[in-house]
């Protein structure tokens, strides 16, 4: 969710604004903003689409985006007590919508691809450490071990659709592979990226070709109003740097084509206890917050949900493993900012060019 992610662009204050500049005689850029997922979202798009001017009014685009984000909130938000996710986590039988089924499939796929390092069924661990949907207390080793036993996608069936087809509804009990404590899901590692992708799919469906979707994470395609690739600022990962865009570490210019661009970091959501920092990145393999030198990871992928997931992955495994991982992936690019004895250092993969600022 937004409170654990970096926002890259300054947001417009009004709900629907026309851009002051354009790159072609028929181009008309607008900015749509609104409230969603605990913060402000911003969608910039060119009304001159793939096949000429869009045959839809800007107000209709705004209303459709608001409706999509409301549907996502009612389905997937752990902070909305009446959402499908909250009801599922409370042990109810639910009739899942397409969003709920889709993100569960993605969550299980990411779990397998990351070897369990990104685990959307680790909600109890985040709650335990005070970074989830409820406030936890500083746990002892016994409590951590107990909660780890009750967490994880390893306890759940892979195919939710089959359970739904058999029963007509889905519950935590029906999804368990063996009897035990009911599961709890937390999609914070992928939900905002997923939301960007869902909104982008809608924009493509109405003919948009130039867009930037910012819902705490970024999806962009095409060109900005100046006719150039979209430029994104990456915040400096200073502890307590909560004013978005106030302290920029560097500028990244997005490559051609559709891309998700996501930053995850350990400098906005953390607490100190006995002189030690405990950040929101929890390693499901240990059940504990990570302790390493990596401060933030910015990942570029073909979609925002994938970028979101692997930004989380890097923040769990740390600097060295992230460098090896990104160096071996042709489908991902990344920028890692880390602490070197009190000095910020930056490592970028071969295809990631960052213009660092003083």
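The values are calculated or read from the model by the stated rules, or taken from the named source; none is laboratory data. All of these numbers come straight from a predicted model, not from anything done at the bench. Virtual Cβ from ideal backbone geometry, glycine too; neighbours counted across all protein chains shown.
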Taking the criterion of being touching a strand residue (DSSP E or B) at 6+ places or on another chain (Cβ under 7 Å), more than 20 Å from residue 188 (Cα to Cα), at pLDDT 95 or above and assigned to a strand (DSSP E or B), would at least one residue in the range 310-333 satisfy it? yes
Of the residues that sit in the range 155-178 and are assigned to a loop (DSSP other than H, G, I, E, B) and touching a residue at least 60 places away in the same chain (Cβ under 8 Å), which one is nearest to residue 87 (Cα to Cα)? 171
Scanning the range 69-87 residue by residue, those in contact with a helix residue (DSSP H, G or I) (Cβ under 6 Å, 6 or more places away or on another chain), outside any loop (DSSP other than H, G, I, E, B) and touching a residue at least 60 places away in the same chain (Cβ under 8 Å) turn out to be 72, 76, 85
Could you list, in sequence order, all residues of the range 334-357 that are modelled with pLDDT under 90 and part of a loop (DSSP other than H, G, I, E, B)? 341, 342, 353, 357
Considering only strands (runs of 3 or more DSSP E) fully contained in the range 1-56, which possess at least 2 residues that are at pLDDT 90 or above and either buried (at least 16 other Cβ atoms within 10 Å of the Cβ) or in contact with a strand residue (DSSP E or B) (Cβ under 8 Å, 6 or more places away or on another chain) (or both)? 29-36, 39-46
Search result, residues across the range 101-117 that are in contact with a helix residue (DSSP H, G or I) (Cβ under 8 Å, 6 or more places away or on another chain) and either on the phi > 0 side of the Ramachandran plot or surrounded by 23 or more Cβ atoms within 10 Å (Cβ to Cβ) (or both): 103, 104, 107, 110, 111, 116
